[in-house]
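Structure, as structure tokens:
The values are calculated or read from the model by the stated rules, or taken from the named source; none is laboratory data. The structure presented is a predicted model; accordingly, all values stated were derived computationally and were not measured. Neighbour counts run over all protein chains shown; Cβ positions are idealised from the backbone, glycine included.
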Amino acid sequence: MTHIVRDYVAYRWIWEYNEKVMFNRLNYNTIYSPYKFHESPETYNFIVCSMFTPTNDKYFHLAERLILSCEKYSLPYAVYKVSNVHTSINLQGTDSPLYTKANFILFNMERFPIKDIFYVDIDMIFLDYPEKIIEIDNSETDFAIYNWLNDIHNEAYMPIVQDKEGRTTFSEFYVYSHSIDYYSNEQLICSGGVQYYKNNPQAKKLLEIWQKVIEENSGVADDECLDFAFNNQSDENIKIRAKWLNKSYLRLPWWPHIKPVILHPAIPVAGGHRVSFPQDKKRKRFYPEKCQRRTVPYYFPVDYLIDTKRQLLLKVDNSTVIDVKKIQQNFWIYEEFL
């Protein structure tokens with residue numbers, strides 16, 4: 001095993017079991033302090049895993065919200081408190097490689113040796129039963145994640161914010177924001193808020209490579225490091241059996257026309273002053289030359305506002321509406337979770 005495994009084994013668990021609680025004592029040295037756990041050994045082959053920094057009440061609220069949503073659908077979960085997270089997750093975090101997502105997932109593979117790991121960010125909410133995850137877990141899939149390159153309609157529509165009774169919230173109006181206009185079934189550009197890993201040597205190897213890439217690329221977002229690890233896996237003599245989750249399993253606010261299974265209510269914080277993944281002529285984060293250019297029209301025209309309340313497309317010029325189109329489209333917007 002690599003130094004990654006040696007590091008987190010050094011912080012191993014000490015458990016005491018009884019009928020109601022999985023444990024009640026933990027080695028004080030551990031970096032992953034248990035918050036709440038519920039295991040269903042006979043029902044599922046996977047467990048939902050998440051972590052948060054207990055720095056203020058907000059994160060406890062997010063943890064409880066995720067836990068309640070897991071319990072609503074009788075999903076097994078393991079939620080931990082951590083004193084910090086790596087800078088690949090948050091630029092204000094620590095440089096210690098112990099606190100990466102890759103290391104956290106590897107840790108849970110050791111903690112639950114007969115369980116596959118479904119990692120979710122702490123600010124997610126299950127709003128429906130995750131049938132696709134059950135299907136994937138019963139297959140020979142090693143790894144599953146949302147892949148922008150495999151989604152022919154990945155275009156994002158940003159909500160226009162408004163001040164409502166003293167707080168900022170989303171209005172009913174959305175406008176085109178961004179998209180990735182490449183297509184590939186073989187390559188990856190991911191959003192890593194949800195990630196599935198089979199507890200097997202292939203998935204562990206991918207995680208170890210991901211960890212190594214993070215350590216070698218200080219300041220780079222972990223999603224970009226995972227892209228590089230996956231897209232260059234042939235250099236490591238592994239072949240990952242991957243499946244791509246659709247937008248409903250990472251329903252971000254910029255896809256209001258998608259009914260969520262797992263919701264991320266808030267707009268992700270931009271990278272800010274993050275370092276982009278280093279350019280290399282031989283090894284790249286992804287390979288545009290191996291992709292197709294997307295040719296299908298955008299789901300909504302980029303030069304129109306979307307009125308989600310009245311189901312209208314509005315073309316505006318100099319603050320004047322010059323064209324209106326009625327659309328037959330449902331929208332799912334959740335102000336109560338903001």
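Starting from residues that are farther than 22 Å from Leu66 by Cβ and hydrophobic (A, V, I, L, M, F, W, C), keep the ones in segment 144-161 and report whichever is nearest to the chain's Cα centre (by Cα). Steps first, answer last, please.
In the first step, residues of segment 144-161 are kept if they are farther than 22 Å from Leu66 by Cβ; the result is 147-161.
Keeping just the survivors that are hydrophobic (A, V, I, L, M, F, W, C) gives 148-149, 152, 156, 158, 160-161.
Numbers: Trp148: 12, Leu149: 15, Ile152: 19, Ala156: 16, Met158: 19, Ile160: 23, Val161: 23 Å.
Result: Trp148.
Of these, Ile262, Ile180, Ile189, which one is surrounded by fewer than 20 Cβ atoms within 10 Å (Cβ to Cβ) and under 20 Å from the mean Cα position of the chain (by Cα)?
Numbers: Ile262 fails: surrounded by fewer than 20 Cβ atoms within 10 Å (Cβ to Cβ); Ile189 fails: surrounded by fewer than 20 Cβ atoms within 10 Å (Cβ to Cβ).
Ile180 is the lone residue from the list that is surrounded by fewer than 20 Cβ atoms within 10 Å (Cβ to Cβ) and under 20 Å from the mean Cα position of the chain (by Cα).
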| request: Kindly list the number of the only condition in (1) within 23 Å of Pro268 (Cα to Cα); (2) out of contact with any Asp or Glu (no Cβ under 8 Å at 6 or more places or on another chain) that fails for Glu186. | output: (1)
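Out of all the residues in segment 273-285, is one or more within 24 Å of the chain's Cα centre (by Cα) and loosely packed, with under 12 Cβ neighbours inside 10 Å? It would help to see each step written out before you state the result.
Of segment 273-285, the ones within 24 Å of the chain's Cα centre (by Cα) are 273-278, 284-285.
From the residues that got through so far, the ones that are loosely packed, with under 12 Cβ neighbours inside 10 Å too are 273.
Scanning segment 273-285, I find at least one residue that is within 24 Å of the chain's Cα centre (by Cα) and loosely packed, with under 12 Cβ neighbours inside 10 Å, so the answer is yes.
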| field | Asp128 being surrounded by 18 or more Cβ atoms within 10 Å (Cβ to Cβ), under 21 Å from the mean Cα position of the chain (by Cα), of a type in the set (Asp, Glu) and part of a loop (DSSP other than H, G, I, E, B) | value | no
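A quick yes/no check of all residues on (1) at pLDDT below 90; (2) hydroxyl-bearing (Ser, Thr, Tyr):
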{"site": "Trp244", "(1), (2)": "no, no"}
{"site": "His264", "(1), (2)": "no, no"}
{"site": "Ser276", "(1), (2)": "yes, yes"}
{"site": "Tyr299", "(1), (2)": "no, yes"}
{"site": "Val302", "(1), (2)": "no, no"}
{"site": "Leu314", "(1), (2)": "no, no"}
{"site": "Lys326", "(1), (2)": "no, no"}
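Would you point out which residue out of Asn199, Asn185, Asn154 is closer than 22 Å to Lys282 by Cα, in a loop (DSSP other than H, G, I, E, B), modelled with pLDDT of 95 or more and not charged (D, E, K, R)? Before you say what the answer is, go through the steps one by one.
On the way: Asn199 fails: closer than 22 Å to Lys282 by Cα; Asn154 fails: closer than 22 Å to Lys282 by Cα.
The conditions single out Asn185.
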| query | Can you name the number of the only condition in (1) at pLDDT 90 or above; (2) part of a loop (DSSP other than H, G, I, E, B) that Val269 fails? | reply | (1)
| List pairs: first in segment 272-297 and at negative phi, second outside any loop (DSSP other than H, G, I, E, B) and surrounded by fewer than 13 Cβ atoms within 10 Å (Cβ to Cβ), Cβ under 9 Å, 6+ apart or cross-chain? | Arg283/Asp235
| Within segment 303-338, restricting attention to residues that are closer than 17 Å to Leu252 by Cβ and touching an Asp or Glu at 6+ places or on another chain (Cβ under 8 Å), which residue is surrounded by the fewest Cβ atoms within 10 Å (Cβ to Cβ)? | Ile333
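Can you tell me which residue in segment 20-60 is modelled with the highest pLDDT, limited to those that are hydroxyl-bearing (Ser, Thr, Tyr) and over 20 Å from the mean Cα position of the chain (by Cα)?
Our first condition is that a residue be hydroxyl-bearing (Ser, Thr, Tyr); within segment 20-60, this holds for 28, 30, 32-33, 35, 40, 43-44, 50, 53, 55, 59.
Among the residues that remain, those that are also over 20 Å from the mean Cα position of the chain (by Cα) are: 28, 30, 33, 35, 40, 43-44, 55.
Values: Tyr28: 31, Thr30: 70, Ser33: 92, Tyr35: 96, Ser40: 76, Thr43: 84, Tyr44: 93, Thr55: 92.
My answer is Tyr35.
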| remark: Those residues of segment 65-86 that are assigned to a helix (DSSP H, G or I) and either of a type in the set (Ser, Thr, Tyr) or closer than 24 Å to Asp222 by Cα (or both) come to a total of 2
| note | Scanning segment 203-257 residue by residue, those farther than 26 Å from Val302 by Cβ, assigned to a helix (DSSP H, G or I) and in contact with a strand residue (DSSP E or B) (Cβ under 9 Å, 6 or more places away or on another chain) turn out to be Ala203, Lys204, Leu206, Leu207, Ile214, Asp222, Leu226, Phe230
| query | Do the conditions hold for Lys282, that is, is it out of contact with any Lys or Arg (no Cβ under 6 Å at 6 or more places or on another chain), part of a loop (DSSP other than H, G, I, E, B) and modelled with pLDDT of 95 or more? | reply | no
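Matching residues to (1) touching a strand residue (DSSP E or B) at 6+ places or on another chain (Cβ under 6 Å); (2) closer than 20 Å to Leu226 by Cα:
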position: Asn103; (1), (2): no, yes
position: Asn108; (1), (2): yes, yes
position: Asp121; (1), (2): yes, yes
position: Pro130; (1), (2): no, no
position: Thr141; (1), (2): yes, yes
position: Ile145; (1), (2): yes, yes
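Going by what's in this entry, would Glu140 be described as charged (D, E, K, R) and either in a strand (DSSP E or B) or surrounded by fewer than 22 Cβ atoms within 10 Å (Cβ to Cβ) (or both)?
Numbers: charged (D, E, K, R): yes; either in a strand (DSSP E or B) or surrounded by fewer than 22 Cβ atoms within 10 Å (Cβ to Cβ) (or both): yes.
Yes.
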